[in-house]
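Quick notes on the structure that follows.
The values are calculated or read from the model by the stated rules, or taken from the named source; none is laboratory data. Remember, predicted model here, so these are calculated numbers, not experimental data. Calculation scope for accessible area: heavy atoms of the full protein, side chains included, ligands and nucleic acids excluded. Shrake-Rupley method; radii C 1.70, N 1.55, O 1.52, S 1.80 Å.
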Amino acid sequence: MELASYLAGERWSDHPACTHPLLAALARLVNDNTSDESRAKLVRLVPSIIGLASDDLRVDAQIALRCATTALPVAAAERQLALAVSVLAAEEMLARLDGAPSGRLSERSRRALEEVPHAADQARRFSRAARITEKGFRRYAAPNAVQLAVVGIVQACIPDPDALLRELLEETINECSALIRGDQPTETPVTITTPIHA
């Protein structure tokens, strides 16, 4: 993010104005939780995050949703409930912003929740009793989803968490670019990860 601020002509900062704050937070978390070897591969992504700034809450919701759905199938059992709640909260916020019926789920969310049926059932019961505000989603729920997802991936019993973190960041950048600039998302190579459940 500091390199992004420099390339964008801003003052040196890891919170540059040229990048959406939640996307910048994800980039910092991925950078801080990956190996030195993998960190070097992140540098090529820096130009793609410059100019991805928006006040549209849909961007926050999409970032939170991408993070939660990526981490949920591989995260340890004790993190699954919070991640499943994050999925439902992001979907609810997107439905509200789009004027769609409550309870709408994307295919990606449906698949992620099916991987963890017990946590999904608990999350649905919890979500029915709670209603989050737009301000609360932006300030608390979305950043928590990003943090939980990165930690969940880092601590997951998978062969290469660094690759999944990098894939998560790349896919999130693509989605933000599509939302903010209207770009067509580019294909990101799929990394197959098999969770080991204790």
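Rolling a 1.4 angstrom probe over the range 1-179 with all protein chains present gives an accessible area of which 52% lies on carbon and sulfur atoms. A convex hull fitted to the Cα coordinates of the range 1-179 yields 106 cubic angstrom per residue.
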